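Peer 1: Dumping the structure here so I can ask a few things about it.
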Amino acid sequence: MDPRAPMEEEAKEGGRFPSSSNSSISDQKSEVASRTLPEQNSRMRLSIEMGRGRRALIAKNKIARRDVRYTMIKNGDLRLLRWARCSLCRKWRRLAHLAPLESFEASWTCQGNRYQDLKMQRCEMDEEPLHSNEQLVPKTNLEELKALENKRFYDELHQFLVERGKPMRKNPVVGGRKLDLHRLFKEVIYVGGYREANRIDGTWMRIFRGLENNSKRVTNASTRLKTAYKNLLSEYEEAFFGSQS
């Protein structure tokens, strides 16, 4: 009998001989993949949950919506006026127009009011009434008015930069999110402006922690915020508030 006959028969049936070594390697790869994939998914889920937990903790420490309100002048320019309620005396306090309410803590008090009238930083002062031509903004219209306010800011900023030959090519992205320049502007103005933010150590990082962009993965947050503000907002600040804002 020809010794090649069995080989030819197997070749006819399967095309080629099965390789025990190749099969073993393939099985090992499958085993590693099946073991690694769940581990990767588990780490990914843990990372997502930790991110949600940090955002939930930040939100928990923020001032409650019931302690924030907005007003506007009747038949005015749709500018939103901001108010916050003291966590101690429970009185409403009028705030500066650019007050970043989004970053106010739940423990906010009259003492933290940086409105022009310093005497309103004391709880014993009476609550300021609304002006005769001022009205509360209904919650149903608030988000729409905020969006209009944000758009107006961006339109004015774009025009300002174009007139100075420094058009903004694209909005900076930090931590995988578009940086809200309007929000950043309000935060920096509220601490005293660009110069003051640079003078006090840790200011840029504190601002970053209050933004939607906050992420532990961003290790150079202070530098990136400072650079974005310097390139896009510092001249705008000086033009509207002066060099000593």
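The values are calculated or read from the model by the stated rules, or taken from the named source; none is laboratory data. What you see is a predicted model, and the numbers here were worked out from it, not measured in a lab. Positions of Cβ are backbone-derived with ideal geometry, glycine not excepted, and every protein chain shown enters the neighbour counts. In case anyone asks, the SASA skips ligands and DNA or RNA and just uses the protein heavy atoms, side chains included. Shrake-Rupley method; radii C 1.70, N 1.55, O 1.52, S 1.80 Å.
Peer 1: So what is the relative contact order for the stretch 96-209, in percent, with contacts set as C-alpha pairs under 8 Å and at least six apart?
Peer 2: 25
Peer 1: Reachable lysines from Lys119, Cα under 17 Å, same-chain residues fewer than 8 places away excluded?
Peer 2: Lys91
Peer 1: What residues have an amide H closer than 5 Å to that of Val174, excluding those fewer than 5 places away on the same chain, when H is modeled at 1.01 Å from N in the peptide plane?
Peer 2: Sorted by chain and number, the residues that satisfy this are Leu179.
Peer 1: When the accessible area of the stretch 55-196 is split by element with a 1.4 Å probe, what percent falls to carbon and sulfur?
Peer 2: Carbon and sulfur: 50 percent of the exposed surface of the stretch 55-196.
Peer 1: So, for the stretch 69-137, what is the accessible surface per residue at a probe of 1.4 Å, expressed in square angstrom?
Peer 2: Accessible area per residue: 56 Å².
Peer 1: In cubic angstrom, how much convex hull volume per residue do the alpha carbon atoms of the stretch 134-244 span?
Peer 2: Taking the convex hull of the Cα positions in the stretch 134-244, it is 133 Å³ per residue.
Peer 1: When the Cα centres of the stretch 73-139 and the stretch 171-202 are compared, how far apart do they sit, in Å?
Peer 2: Spelled out, the Cα-based centre of one part sits 22 Å from the other.
Peer 1: Within 10 Å, count the other beta carbons around each residue, average over each peptide in 99-108, 179-188, 123-132, 216-225, and list them highest first.
Peer 2: 179-188, 99-108, 216-225, 123-132
Peer 1: Using per-residue counts of other Cβ atoms within 10 Å, averaged over each peptide, order 226-234, 61-69, 157-165 from highest down.
Peer 2: 226-234, 61-69, 157-165
Peer 1: From the phi of every residue in the stretch 77-92, what ³J(HN,Hα) in whole Hz does the Karplus formula 6.51 cos²θ - 1.76 cosθ + 1.60 yield, where θ is phi - 60° and glycine or proline is x?
Peer 2: Values per residue, Gly and Pro as x: 9, 6, 6, 7, 9, 10, 9, 9, 9, 5, 6, 9, 8, 6, 9, 7 Hz.
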